[in-house]
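Everything on this sheet refers to the single structure shown next.
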Amino acid sequence: MTRWYWLGITLAALMILTSVSRSADAKIVHRERSLYSTVLVNKTDNILCLAFSIKRDQRNQSCIDTRAPRDMVFSYTRMMMATLLFNPEPRRVLVIGLGGGTLPSAIAELYPDVIIDAVEIDSAVVEVARNFFNYRPHPGTSVTVADGRLFVKRRASLRARQEVQKDPGYDLVLLDAFNGDYIPEHMMTREFLTELRSIMSDDGILAANTFALSDLYHHESATYASVFGQFHNFRLPETGNRVIITGKDDLPNPVALADRAAELDTRLSRYGIFLTDYLELIEGEQDWKTDARVLTDQYSPANLLQGAPR
Amino acid sequence: MIHRTLINRPLVNLLAFTGGFVIMSVELLGGRMLAPYFGSSVYVWGSIITVFMASLSVGYLLGGQLSMRWVSLRVFASVFLIGSITLYPLSLAAESAMAWVFDTIVDPRYGSLTASLILFVVPTVILGIISPYSVRLLVGSAEESGRVAGTLYFVSTLGSAMGTLMTSFYFVLWFEINDVIRGLSGVLLLASIAAFVAAGRSGSRPQEEAQRS
């Protein structure tokens, strides 16, 4: 008798637990197990999101507002777009990490003549971007399913072997490959950044969406500094993200940035991006431990370091 | 059965533990070595595990055959010495080997498989010899053979577990990959020296005994 009693209580408790843990009104529209994770598309009212469920708490990677598809729901995508301050007329763009296709769509819309290479490791994400987020690459865009590091290394290797360099390199690189749950450690090393730098044009700008909160912050910062020298940190107060903005050449000074912000502001405001507000949040000062060990292909425990608090 | 009292049982078990430790540590590092050239997808791990398993299986066969011809701690010590010598080049030439494979083979599946073959076959075959050879060194009679083999599986697999844990939790956080490889090569060298010393102490009689049994 008591056994049934306890079984009843356990079942009831389980039912309550599962109903609480499920978020109230997010509806799962699509679920697909891929080679790398489980790709989920969920919808809350009119917000459609792409999420990867590696752990139980699924974090949304890319969201659109179906009523206003241009509005960038996520602060970090808006932050990535702020890179245009540093290069207002990109011609050849590399996007690593496709997500819902938000970034390449916006760039293609702003600059119809631009050439975009988008690299995504997971073919399921490419399909989901097409089928659920209505991502349609513009004629100048090519989407490649590959590991970002391998794509970059292959390009770098081809470029190094060409005697005459006809390929002028990418003038804008948007690195958006870190999803917060698991870091591809081979894409956060000095060697990777060196390869990336070698396929950029002389005035090329790199923006990397990455972390601000753990011990990894210092190591990652030291690694970027070891390859690019100076860089800017762009952080919004409400997020755990930061966007590292750096380039091969000297970065423009604050006055030049303010001029460009005024110019670009009207063009970007339809995406919910207000550049003039962002200006003061972009910092060039060095606030990381300069003695932090640089991450290399030989030493890249990024996931272990991320576990340690900053 | 003189050799049973003369063969240092704890030492052979400790050496089998060391062999297991080194094998799994290298396997784990293998994934990290290959990642910059071939990614870290499931097929890269598939390549590495395939090559390690196939190499170990060949090593087991060789170890068994070897134990039919020569039975001595000196031979056992030599296996560790050769293991140490063949592991060391990974810290020197792995980069250029992988760069060559990367430029030759575009598909990362076959690239990672080829690179794993080049890098890991030789040392892993050598390390595979240790387990069956240890069984031969310690088994004195048919009745105890199961217990001896069971104990050896226990220590060598426990060594593998510890090698996996130490490498993935700590070594990669403390050291560069090449330093760990050199360290593991050094450990094999020490193991070899220990076995040579023990062989020197027990003299040549146990070998004759062993050959007769």
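Rule-based calculations on the coordinates, nothing more; no lab input. Keep in mind the model is a prediction, meaning the values are calculated, not measured. Glycine also receives a Cβ, built like all others from the backbone with ideal geometry; neighbour counts cover every protein chain displayed.
Structural remarks
- For chain A, the average shadow cast by the Cα convex hull is 19.0 nm², which is a quarter of the hull's surface.
- The phi torsions of the range B:82-96, fed into the Karplus equation with coefficients 6.51, -1.76 and 1.60 and a -60° offset, translate into couplings of 5, x, 4, 5, 7, 7, 3, x, 4, 7, 9, 10, 4, 4, 5 Hz, rounded to whole numbers, with Gly and Pro shown as x.
- For A:H138, A:H186, order by how many other beta-carbon atoms lie within 10 Å, fewest first: A:H138, A:H186
- For the Cα trace of the protein assembly as shown, dividing Rg by the Kirkwood Rh returns an Rg/Rh value of 1.08.
- Helix B:177-202 axis versus longest C-alpha principal axis of chain B: approximately 10°, rounded to the nearest ten.
- Two-site FRET efficiency, B:I85 against A:I28, from Cβ-Cβ distance with R₀ of 45 Å, rounded to 0.05: 0.20
- Extreme residue, positive dipole direction of the protein assembly as shown, given options A:F86, A:M72, B:I181 (C-beta unit charges): B:I181
- Placing dummy labels 7 Å off each Cα toward the beta-carbon, the span from A:R235 to A:R67 is 3.4 nm.
- When A:R242, B:R69 are sorted by how many other C-beta atoms sit within 10 angstrom of their C-beta, beginning with the fewest, the order is B:R69, A:R242.
- Placed amide H near A:H30: partners under 5 Å, 5+ positions off or other chain: A:V41
- Computed from Cα atoms, the angle from the helix A:216-228 axis to the main principal axis of chain A rounds to 20 degrees.
- Positive-end extreme of charge dipole, chain B - chosen from B:V79, B:G111, B:W100 (charges on Cβ): B:V79
- Proximity of backbone amide H atoms, modeled 1.01 Å from N, is registered between B:I105 and no other residue at under 5 Å, excluding neighbours fewer than 5 places apart on the same chain.
- Note on B:S57 and A:D167: with the Förster distance fixed at 41 Å, the Cβ-Cβ geometry gives a FRET efficiency of about 0.30.
- Taking 0.36 nm per residue of separation and subtracting the current Cα-Cα distance, fully stretching the chain between A:A256 and A:V145 would add 36.2 nm.
- Across chain B, Cα pairs under 8 Å and at least six residues apart give a relative contact order of 44 percent.
- Chain A - mean residue ellipticity at 222 nm from DSSP helices (-39,500 (n - 2.57) per run, n ≥ 4, rounded to 500): -10500 deg cm²/dmol
- Between 0 and 90°, nearest 10: helix A:2-21 axis offset from chain A longest Cα axis: 30
- Backbone HN-Hα couplings from phi across the range B:115-128 [Karplus 6.51/-1.76/1.60, Hz, Gly and Pro as x]: 4, 4, 4, 4, 7, 10, 4, 4, x, 6, 4, 4, 5, x
- Scanning residues 5 or more positions from A:I116 or on other chains, those with amide H under 5 Å from its amide H are A:V93, A:T141, A:S142, with H placed 1.01 Å from N in the peptide plane.
- For the protein assembly as shown, the Cβ-based charge dipole about the Cα centre amounts to some 2160 debye (Lys, Arg positive; Asp, Glu negative; other atoms uncharged).
- Dipole size of the range B:2-212 about its Cα centre, with +1 on Lys/Arg Cβ and -1 on Asp/Glu Cβ: approximately 700 debye, rounded to the nearest 20.
- Cα lying deepest toward the dipole's positive end in chain A, options A:S269, A:Y299, A:V128, charges on Cβ: A:V128
- For the range A:153-229, size of Cβ-based charge dipole, Lys and Arg +1, Asp and Glu -1, in debye: 360
- The sum of -39500 (n - 2.57) across all DSSP H runs of n ≥ 4, divided by the residue count of chain B, sets its helix-only mean residue ellipticity at 222 nm to -29000 deg cm²/dmol.
- log10 of Debye I(q)/I(0), alpha-carbon scatterers only, for the range B:57-153 at 0.14, 0.20 Å⁻¹: -0.63, -0.93
- In order through the range B:21-35: 3J(HN,Hα) via Karplus (6.51 cos²θ - 1.76 cosθ + 1.60), integer Hz, x for Gly, Pro: 4, 5, 4, 6, 5, 5, 4, 5, 5, x, x, 6, 5, 6, 3
- Contact order, relative form, for the range A:75-307: 23 percent (alpha carbon pairs under 8 Å, 6 or more residues apart, mean separation divided by residue count).
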